[in-house]
Amino acid sequence: MKTKLIFLSFFLVLVTSWTMAQTLYRTSVGELSFFSKTPVLDIEAVNKKAGAILNAGTKDLAIQAKITDFQFPNKLMQEHFNENYMESERFPTTKFAGKIKEDVDFSKPGTYPVTAEGNLTIHGVTKPVQVKGTIVATATALQVNFSFQVRTADYQIEVPTLVFDKIAETIAVSGKLNLVKQ
């Protein structure tokens, strides 16, 4: 029994040390934006309240944003976006959970091209995605920049035929996250 207790104590100390050694970077004011371009209308919106966390040791990356925090230049567009297309009362958040593929030492300052693979959830639909971007590392922070395309049909976002020519089938999504070392 005493041997089991010693082993369990050693294991807990080891796991705790490993967990504590992981360097975390966070933000609650990350910026996500999207842009829809058609011959009839350009639509863009920005969300400056996205939360994100990156575990530098495991390369796990998670990003989450409230749909209602996307701001449009036109309030009517914002209302239609939330009520008619994104159904933000039913699907209040968008999320990405994944891992950076490249073996990067973020403790060394520099600019690193990276690819994150994971699952993107929009409008209650989760799909695997691969996102390319860059990470600029400094002694105390990481600046994560990325962009990718999202097809509205892939996430069951219905666009009525009446406005079909005003909303692109593929939306350009980009992000800028200034993550601070914890």
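Output yes when any residue across the range 52-65 is on the phi > 0 side of the Ramachandran plot and out of contact with any Leu (no Cβ under 9 Å at 6 or more places or on another chain), and no when none is. The answer is yes; a qualifying residue exists. In a residue-by-residue description of the range 45-67, the property of being over 25 Å from GLN130 (Cβ atoms) and at pLDDT 95 or above applies to at least one position. Here the range 107-138 is the region considered, the condition is being in a loop (DSSP other than H, G, I, E, B) and at pLDDT 95 or above, and the residue that is farthest from GLU31 (Cα to Cα) is LYS108.
In the range 80-90, the count of residues that are in contact (Cβ under 8 Å) with a residue 60 or more places away in the chain, small (Gly, Ala, Ser) and not in a helix (DSSP H, G or I) is zero. Just one of the listed residues (ILE53, ILE63, ILE43) is in a strand (DSSP E or B), in contact with a Phe, Trp or Tyr (Cβ under 8 Å, 6 or more places away or on another chain) and within 18 Å of THR140 (Cα to Cα), and it is ILE53.
Residue-wise test of (1) hydrophobic (A, V, I, L, M, F, W, C); (2) more than 25 Å from ASP69 (Cβ to Cβ); (3) more than 16 Å from the chain's Cα centre (by Cα).
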position	(1), (2), (3)
ASN84	no, no, yes
GLU87	no, no, yes
THR94	no, no, no
PRO109	no, yes, yes
THR115	no, yes, no
PHE146	yes, no, no
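The values are calculated or read from the model by the stated rules, or taken from the named source; none is laboratory data. Please read all numbers here as calculations on a predicted model, not as lab measurements. No Cβ is skipped: glycine too gets one built from the backbone with ideal geometry, and neighbour counts run over all protein chains shown.
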